[in-house]
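The values are calculated or read from the model by the stated rules, or taken from the named source; none is laboratory data. Treat the numbers as computed from the prediction; the structure is a model and nothing was measured. Counting neighbours? That spans all protein chains shown, and the Cβs are built from the backbone with ideal geometry, glycine included.
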Amino acid sequence: MPLKPGAVALVAEDEPLVRMEAADVLGDAGFDVLEASTTPAALAFLEMHPEITLLFTDVVMPGPIDGLALAHEVRRRWAEVKIIIVSGRVTPDPAQLPEGARFLEKPYDPNRVARMVREMGLRPTT
């Protein structure tokens, strides 16, 4: 199935069940969803899929960089990609977040995710 331009989210989460839940939430919000279990895999998806408009990443991620560093790299290389950072273990100081990124504490309400996506100006089609 081809990906919808402007409606592709990348979920970077190392816990399989949490990753599937996040993918379901974003899928219900109208996104095609790609899933990565490591930060290198997430970067590879971003390089291969310029249609990605949203990165949804956990802070604690395996790889040479964590999810927060991934978010900063995405902001540097793909400035137009919207970023939602989530964690149930750490709460980053707002100054640690890339410009325009949002933080969401786990466990999160699916309705809050959908509302945050709309507030960020993303309008996926269902």
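Are any of the residues in region 92-99 free of Cβ contacts under 8 Å to residues at least 12 places away in the same chain and touching a strand residue (DSSP E or B) at 6+ places or on another chain (Cβ under 8 Å)? Yes, region 92-99 contains a residue that is free of Cβ contacts under 8 Å to residues at least 12 places away in the same chain and touching a strand residue (DSSP E or B) at 6+ places or on another chain (Cβ under 8 Å).
Sort through ARG115, ARG102, ARG75 and tell me the only one that's more than 13 Å from the chain's Cα centre (by Cα) and not polar (S, T, N, Q). Outline the logic, then answer.
Details: ARG102 fails: more than 13 Å from the chain's Cα centre (by Cα); ARG75 fails: more than 13 Å from the chain's Cα centre (by Cα).
Every option except ARG115 fails the conditions.
Out of the residues in region 28-50 that are surrounded by fewer than 16 Cβ atoms within 10 Å (Cβ to Cβ) and out of contact with any Phe, Trp or Tyr (no Cβ under 9 Å at 6 or more places or on another chain), state the one that is nearest to LEU104 (Cα to Cα). First the steps, then the outcome.
Taking region 28-50 first, the residues surrounded by fewer than 16 Cβ atoms within 10 Å (Cβ to Cβ) are 28, 40, 44, 47-50.
In the following step, the residues that additionally are out of contact with any Phe, Trp or Tyr (no Cβ under 9 Å at 6 or more places or on another chain) were identified as 28, 40, 44, 47-49.
On the way: ASP28: 18, PRO40: 22, ALA44: 24, GLU47: 25, MET48: 27, HIS49: 25 Å.
Among residues in region 28-50 that are surrounded by fewer than 16 Cβ atoms within 10 Å (Cβ to Cβ) and out of contact with any Phe, Trp or Tyr (no Cβ under 9 Å at 6 or more places or on another chain), the one nearest to LEU104 (Cα to Cα) is ASP28.
The set of residues from region 86-126 being closer than 18 Å to VAL33 by Cα and among the hydrophobic types (A, V, I, L, M, F, W, C) comprises VAL86, VAL113, ALA114, MET116, VAL117, MET120, LEU122. Figure legend. Inter-residue proximity from region 44-69: first residues of a type in the set (A, V, I, L, M), second residues part of a helix (DSSP H, G or I), beta-carbon distance below 6 Å, spacing 6+ or different chains. Indicated pairs: ILE52/LEU46; LEU55/VAL74; VAL59/GLY67; VAL59/LEU68; MET61/THR39; MET61/GLY67; ILE65/THR39. The residue of region 101-126 that is modelled with the lowest pLDDT, among those that are out of contact with any Ser or Thr (no Cβ under 9 Å at 6 or more places or on another chain), part of a loop (DSSP other than H, G, I, E, B) and closer than 13 Å to GLY27 by Cα, is THR126. Selection of region 27-66 for residues being aliphatic (A, V, I, L, M) and in contact with a Lys or Arg (Cβ under 8 Å, 6 or more places away or on another chain) yields LEU46, LEU54, LEU55, VAL59, VAL60. Candidates are the residues of region 68-96 that are at pLDDT below 95 and either among the polar types (S, T, N, Q) or assigned to a helix (DSSP H, G or I) (or both); the one that is farthest from MET20 (Cα to Cα) is ALA95. For region 81-99, filtered to residues that are among the charged types (D, E, K, R) and closer than 24 Å to VAL8 by Cα, the residue that is farthest from the chain's Cα centre (by Cα) is GLU99. Residues being closer than 15 Å to THR38 by Cα, touching a Ser or Thr at 6+ places or on another chain (Cβ under 7 Å), crowded, with 18+ Cβ neighbours inside 10 Å and not charged (D, E, K, R): count how many of those fall in region 51-85. Matching residues across region 51-85 total 7.
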